[in-house]
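Worksheet for the structure shown next.
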Amino acid sequence: MDRTAVIKTENLTKKYGENIAVNNLNLEIYEGEVFGLLGPNGAGKTTTILMLMGMTEPTSGTAYINGNLTTKDTLKIKRIVGYMPDRVGFYDDMTARENLRFTGRLNGLDTKTIEDRINELLERVGLSEVGDKKVGTYSRGMKQRLGIADTLMKDPKIMILDEPTQGLDPEGINEMLGFISDLARTDKRTILVSSHLLHQMQKICDRVGIFIKGKLLAAGPISTLGDRVLAGQELTIEMNVSPVDDKLISLVKAIDKEVRVDADGENVVVKSTKEVRKDILKILYENNYELLYLKQSGRDLDDIYSRYFAGEGVKKDEKQ
Amino acid sequence: MKSSSLRVLYKKELADNLHSQRFIIILLLVAITGLSSIFTAAYGMRDATDNSNNDFIFLQLFTTSSGSIPSFTAFMSFLGPLTGLALGFDAINNEVNRGTLSKLLAQPIPRDAVINGKFLAGVSVLSIMVFSLGLAISSIGIIAFGIPPTFEELMRIFVFLLITILYMSLWLAVSQMFSLFFRQSATSALACIALWLFLTVFAELLAGVIADAVYPVSSYSVLDNALKNANMKLMLNRISPSTLYNECSIYLLKPTVRTTSFVTERDLIGAVAGALPLTQSILLLWPHLITMAALTMISFAVSYINFMSKEIRA
């Protein structure tokens, strides 16, 4: 595949005193994709984004957006990148329209473009009817939607969204995810989205990077990620076979000496550190067993989640 | 691009300042105290003008205190800092707390446009306020005395108003600096007020204590020692911008004053009594002017440098 990296980091590192917030990050994000930067709170996601936006200086390493060095060409970058900070803020005593108009003017747009775009964007995020109300009266979800509109005022080629679903109710989350995938699929924008909520992001991301304690564990499409992050971990295959007899169990056990089998009625649970699905299917086929159900777990998102994200991330989210 | 983004930010800050309740409160406070002082001075002076020195009667309006109400310059020296502080103490930290600063800085604007725009808008608001007050005072003077001010008087009033703006801008710069250093706007407001009270009230007391410790004055001490004590007290007082401002207003509004330092009889030999021309008065207050301008610039430079390298977290 011939793809150009629009965001690229090389050994990007940020230290706060002794504490390493981002550790030798090498990342490439390609044109037109939705990349999810996933990691528990405090993993260094926001720090990475701040370095990309030129809002904080990296301790070492470099980052490029569209070929522009983030520490030098900040203005060029800010013209093509729309950034929505987590907990995006507005001037509460101004209306939504006034807030968007201000952003438009800062981007040097002319009055007609600004007004047209405000109408179009308010329509798009479903705030047309409250556009003339002061933002102070808005709910969290409305502010977040206005944040998307605000980010789109400059018609950015690249969007960086920091925790866009934080603090939203389930309906708001779905809406937000809908916006994001629409921005990528319909508008063909490149999107970098950070989140600690793996399950939400798997719906919209083309590729994700798992970011733990300042280090990128793995990056790639979600389907292949489990193998890379959790290589060497034990796999569990749950299957439902008819009939279950001793022959079957001994055949499965014979695949490898590491394989353990438990049977309970028609349910069979196979545990192994190696990939044995193909072997099992072969046994079933050759010996005329009927397979009713088979699920392999241990290398998928749920497992990544429980291994790295559980605890802090979940608790924080429940509180909100 | 640079100038246009500065203009957008400047306009917004100006509108914000003019619409804010706190500006209206401080404007009312300054206008009511200032105008009441002018009114009482004008009507008190009107009865006394025929037998006293009639020169520069317009200027006396600013410096005369009548009864229990202090003079206009005294009010300005006390309330000027408060005006500057009120406009700047939450300039940056409020944007940080509302989460608007990171959004602002994600736009294609040079970072310094934000802090420059805020400072320039603050100075503009102060100028509008001071000049309207000056115009109001002049009209009260004309009504009260029935004679227009001379050109010399007008120029002196103009320079005095400019220095008042500089004095307030100094405190604006200081408060903006505090708004960068303190995350909470309440803390920075408190720090500003503490510094203001210290410099306008306590610095004078402290200067006396220090001068007395260095050059103790007793009944046995010689004149030289007493003079050194007084001079040191004066120089220490001049650390405070309000002393500088007070001395400036004396030079400008009392043209006969040639020095605020100590004069011995020997210095006066051969001196001809009379008013100084405006240029000579300005020459006298030049060091004061430079000091105030320098303090303003240092405060602004410190906040500028700090702001340019600050990490902006939402």
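For the structure I just gave you, tell me whether B:PHE300 is assigned to a helix (DSSP H, G or I), within 14 Å of chain A (Cβ to nearest Cβ) and either of a type in the set (A, V, I, L, M, F, W, C) or in contact with a strand residue (DSSP E or B) (Cβ under 7 Å, 6 or more places away or on another chain) (or both). Considered against the rule, which asks whether it is assigned to a helix (DSSP H, G or I), within 14 Å of chain A (Cβ to nearest Cβ) and either of a type in the set (A, V, I, L, M, F, W, C) or in contact with a strand residue (DSSP E or B) (Cβ under 7 Å, 6 or more places away or on another chain) (or both), B:PHE300 comes out as no. Scanning segment A:120-153 for residues that are more than 14 Å from chain B (Cβ to nearest Cβ) and among the polar types (S, T, N, Q) yields A:SER128, A:THR137, A:SER139. Checked against (1) part of a helix (DSSP H, G or I); (2) modelled with pLDDT of 85 or more, A:ASP302 meets all criteria but (2). Of the helices (runs of 4 or more DSSP H) entirely within segment A:218-290, those holding at least 2 residues that are under 30 Å from A:LEU27 (Cα atoms), of a type in the set (A, V, I, L, M, F, W, C) and out of contact with any Gly (no Cβ under 8 Å at 6 or more places or on another chain) occupy A:222-229. For segment B:1-41, filtered to residues that are surrounded by fewer than 19 Cβ atoms within 10 Å (Cβ to Cβ) and among the polar types (S, T, N, Q), the residue that is farthest from the chain's Cα centre (by Cα) is B:SER4.
Is it fair to say B:GLY84 is in a helix (DSSP H, G or I) and out of contact with any strand residue (DSSP E or B) (no Cβ under 9 Å at 6 or more places or on another chain)? Yes.
Restricting attention to segment A:6-18, and to residues there that are of a type in the set (D, E, K, R) and surrounded by fewer than 23 Cβ atoms within 10 Å (Cβ to Cβ), which single residue is nearest to the other protein chains (Cβ to nearest Cβ)? Among those residues, the one meeting the criterion is A:LYS15.
When we screen A:GLY36, A:GLY42, A:GLY32, A:GLY54 for residues that are more than 26 Å from A:LEU198 (Cα to Cα) and in the same structural domain as A:SER181 (by TED's automatic domain parsing), the only hit is A:GLY54.
Scanning segment A:159-181 for residues that are more than 12 Å from chain B (Cβ to nearest Cβ) and within 15 Å of the chain's Cα centre (by Cα) returns A:PRO164, A:THR165, A:ILE173, A:ASN174, A:MET176, A:LEU177, A:GLY178, A:PHE179, A:ILE180, A:SER181.
When the strands (runs of 3 or more DSSP E) confined to segment A:19-90 are screened for residues that are at pLDDT 90 or above and more than 9 Å from chain B (Cβ to nearest Cβ), those reaching at least 2 such residues are found at A:19-30, A:34-38, A:60-65.
In summary, A:SER195 fulfils each of the numbered conditions (1) of a type in the set (Gly, Ala, Ser); (2) within 17 Å of A:PRO164 (Cβ to Cβ); (3) surrounded by fewer than 21 Cβ atoms within 10 Å (Cβ to Cβ) with the single exception of condition (3). The set of residues in segment B:95-109 being more than 7 Å from chain A (Cβ to nearest Cβ) and touching a residue at least 24 places away in the same chain (Cβ under 8 Å) consists of B:VAL96, B:ASN97, B:LEU101. In the set (1) more than 7 Å from every other protein chain (Cβ to nearest Cβ); (2) within 17 Å of A:GLY147 (Cβ to Cβ); (3) acidic (Asp, Glu), the condition left unmet by A:ASP93 is number (2). Does segment A:96-106 hold any residues that are out of contact with any Phe, Trp or Tyr (no Cβ under 8 Å at 6 or more places or on another chain) and more than 7 Å from chain B (Cβ to nearest Cβ), and which are they? Scanning segment A:96-106 gives A:ARG97, A:LEU100, A:ARG101, A:GLY104. Within segment B:129-146, being without any contact (Cβ under 8 Å) to a residue 60 or more places away in the chain and either under 15 Å from B:LEU162 (Cβ atoms) or not in a helix (DSSP H, G or I) (or both) holds for B:VAL130, B:PHE131, B:SER132, B:GLY134, B:LEU135, B:GLY146. Answer with yes or no whether A:VAL88 is hydrophobic (A, V, I, L, M, F, W, C) and surrounded by fewer than 20 Cβ atoms within 10 Å (Cβ to Cβ). No. Kindly establish whether B:PHE89 is touching a residue at least 60 places away in the same chain (Cβ under 8 Å), over 19 Å from B:LEU6 (Cα atoms) and either surrounded by 24 or more Cβ atoms within 10 Å (Cβ to Cβ) or in contact with an Asp or Glu (Cβ under 7 Å, 6 or more places away or on another chain) (or both). Yes; evaluated as a whole, the condition is true for this residue.
Of all residues in segment A:119-128, those satisfying the criterion of being surrounded by 14 or more Cβ atoms within 10 Å (Cβ to Cβ) and under 28 Å from the mean Cα position of the chain (by Cα) are A:LEU121, A:LEU122, A:ARG124, A:VAL125, A:LEU127.
Condition check ((1) crowded, with 18+ Cβ neighbours inside 10 Å; (2) under 30 Å from B:THR100 (Cα atoms)) across all residues:
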position	(1), (2)
B:ILE210	no, no
B:ALA213	no, no
B:ALA226	no, no
B:SER249	yes, no
B:THR264	no, no
B:ARG313	no, yes
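Tell me yes or no: at least one residue of segment A:235-242 is among the small types (Gly, Ala, Ser) and farther than 16 Å from A:TYR293 by Cα. The answer is no; no qualifying residue exists. Within segment A:129-147, the set of residues being outside any loop (DSSP other than H, G, I, E, B) and either over 29 Å from the mean Cα position of the chain (by Cα) or touching a residue at least 40 places away in the same chain (Cβ under 8 Å) (or both) comprises A:GLU129, A:VAL130, A:LYS134, A:VAL135, A:GLY136, A:THR137, A:LYS143, A:GLN144, A:LEU146, A:GLY147. Go through segment A:55-71 and give me each residue that's surrounded by fewer than 18 Cβ atoms within 10 Å (Cβ to Cβ), within 15 Å of A:LEU25 (Cα to Cα) and free of Cβ contacts under 8 Å to residues at least 40 places away in the same chain. Correct list: A:GLU57 only.
The values are calculated or read from the model by the stated rules, or taken from the named source; none is laboratory data. Quick caveat, the model's predicted, so the values are computed rather than measured. Methodologically, a virtual Cβ is constructed for each residue, glycine included, from the backbone with ideal geometry; neighbour enumeration extends over all protein chains shown.
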